[in-house]
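The values are calculated or read from the model by the stated rules, or taken from the named source; none is laboratory data. Quick caveat, the model's predicted, so the values are computed rather than measured. A quick note on method: Cβ atoms are made from the backbone with ideal geometry, for glycine too, and the neighbour counts reach across all protein chains shown. Please note that ligands, DNA and RNA were not included when accessible areas were found on the heavy atoms of the full protein model with its side chains. Shrake-Rupley method; radii C 1.70, N 1.55, O 1.52, S 1.80 Å.
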Amino acid sequence: MKILVTGGAGFIGGNFIRFTRNKYPNYKIVCVDLLTYAGNLETLADMLGMSNFKFEKADISNAKDIDRIFNAERPDIAVNFAAESHVDRSIEDPGLFLKTNILGTQTLMDACIKYNVKRFHQVSTDEVYGDLPIDKPELLFTENSPIHASSPYSASKASADLLCLAYQRTFALPATISRCSNNYGPFHFPEKLIPLVISRALNDQSIPVYGEGKNIRDWLYVEDHCSAIDKIIHEAKNGDVYNIGGGCEKQNIDVVKLILKILNKPESLITYVKDRPGHDLRYAIDYSKIKTELGWTPSVKFEEGLKKTVDWYLTNKDWWQNIISGEYKNYYQKMYSGRETAR
Ligand code: NAD
Ligand code: DAU
């Protein structure tokens, strides 16, 4: 079996490659990644010399390069993790999100049809459903919730989902889609909340909390996301869409305080900053479909997963310090300077 993984030098794709290598040592894995600011070959350092693993630097929206790779590799399965993934960056530069997340997905699907790939899996997000009210905890996103995206990022992911379903119906592309809630774990780029808080707290720097910190996310340890995708690509029917979630809703401020407690750092590091425009209030996933049909449930409890994550950042300081000492400094300055709010 040969599996082509796009975006494998990023957070979830890198974890998925490691998960697949461990579970199926005989699979051949081809990683296609453009190595944008979010892609990092150090994430795949232990894979690079292995005979069953190949890395191809390419842009998923470059049809010529993608055709060349599919023609040479002839994968059985293609899993698309490659994306521009950060909501705040999509507010700064929507065009790049449309190019990568929509046209890139289309380019991959065209190649899958041409080279008879047996399964194309689109890694999507719960953000395609928009948000839920904070004061109605009984409401959850199901696979039938309306698509109602809030940010250029989520609109680009929603567009890719619609295109994927259209390709499945019109061209019989053997496609599946998963829509997952917020992941956390090793190799998470420190622009996202949890790794940002860990890395800044370890350096005794201020922790920026948007608005009042009351927005709610549903957290899932990244290996649980990988095991859900593994089940879908091997067991689901063409055209199936599955929600994946942690059943673990937390207000941002509580997540931040828990990390500070684990690290034994003071809450005085918390700094409230001007809110993200269009900030989604609450995400919460109903994952009963994948539970009933494929027998998947999350296995890692939040406190346990967070401790494992903090430990990983403590023992892999080089990985994130290399990132935050480079171009990231300019990014942080641009996004956060002068944003503090009076309280
Ligand atoms: P990430 O930003 O950490 O990694 C994205 C990877 O894609 C990087 O390695 C980057 O170099 C690569 N990439 C970007 N543009 C590319 C292009 N044009 N061609 C080839 N490679 C390109 O993202 P992540 O957090 O690992 O997310 C992976 C996928 O999962 C995304 O599709 C995202 O929408 C989805 N998702 C993420 C989460 C989450 O909590 N992080 C939750 C649900 C779904
Ligand atoms: O729900 C799945 C989505 O989760 C994925 O599709 C996205 O790719 C992923 O980035 C993530 O989106 P969020 O916007 O929820 O993640 P982020 O880590 O950027 O923010 C989490 C929450 O924390 C959100 O409510 C905004 C808040 N936040 C974030 C940052 C970076 C802060 O309060 N301060 C910050 O500095």
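If each residue of separation counts as 0.36 nm, what is the full-extension length gain between K64 and S288 once their alpha-carbon separation is subtracted? Kindly include the intermediate steps, with their values, before the conclusion.
Values: separation 224, 0.36 × 224 = 80.64 nm, distance 4.04 nm.
So the chain would gain 76.6 nm between K64 and S288.
Could you grab the relative contact order for the chain? Cα pairs under 8 Å, six or more apart, rounded to a whole percent. All intermediate terms of the calculation are to be shown ahead of the outcome.
Numbers: 646 pairs, mean separation 58.2, N = 343.
So the answer I get is 17 percent.
In the stretch 97-256, what percentage of the DSSP-assigned beta bridges are antiparallel, given to the nearest 5? Intermediate values should be presented prior to the final figure.
Numbers: 3 of 16 bridges.
About 20 percent, rounded to the nearest 5.
I'd like the FRET efficiency for T271 and I113, computed as 1/(1 + (r/R0)^6) with the beta carbon distance as r and R0 of 51 Å, rounded to 0.05. Kindly include the intermediate steps, with their values, before the conclusion.
Working: r = 50 Å, r/R0 = 0.98.
With a Förster radius of 51 Å, E is 0.55.
Expressed as a whole percentage, what fraction of the accessible surface of the chain belongs to carbon and sulfur atoms when a 1.4 Å probe is rolled over the protein heavy atoms? Numbers along the way, then the final one.
On the way: 7330 of 14660 Å².
Here it works out to 50 percent.
Would you mind putting 316-325, 109-118 in packing order, based on average other-beta-carbon counts within 10 Å, highest first?
Numbers: 316-325: 14.5, 109-118: 17.6.
Per-residue mean Cβ counts within 10 Å order the peptides as 109-118, 316-325.
For the stretch 206-299, calculate the relative contact order in percent as a whole number, restricting contacts to Cα pairs under 8 Å that are 6 or more residues apart.
Details: 118 pairs, mean separation 46.9, N = 94.
About 50 percent, as a whole number.
Can you spot the lysines whose alpha carbon is less than 28 Å from K57's alpha carbon? Ignore those fewer than 8 places along the same chain.
K57 reaches K2, K23, K28, K99, K114, K118, K157, K192, K231, K317, K329.
Residue farthest toward the positive end of the dipole of the stretch 1-96, with Cβ of Lys/Arg at +1 and Asp/Glu at -1: which of G13, G49, Y24?
Result: Y24.
Compute the distance in nm between two label points, each set 7 Å from the Cα along the Cα-to-Cβ direction, one at A166 and one at D135.
Modelled inter-label distance: 3.9 nm.
Give the accessible surface of the chain per residue, rounded to a whole number of Å², with probe radius 1.4 Å and ligands, DNA and RNA excluded.
On the way: 14660 Å² over 343 residues.
Here the per-residue accessible area is 43 Å².
Give me the lysines in straight-line cross-link reach of K136: C-alpha distance below 16 Å, same-chain residues under 8 apart excluded.
Here the lysines satisfying the reach criterion relative to K136 are K214, K250.
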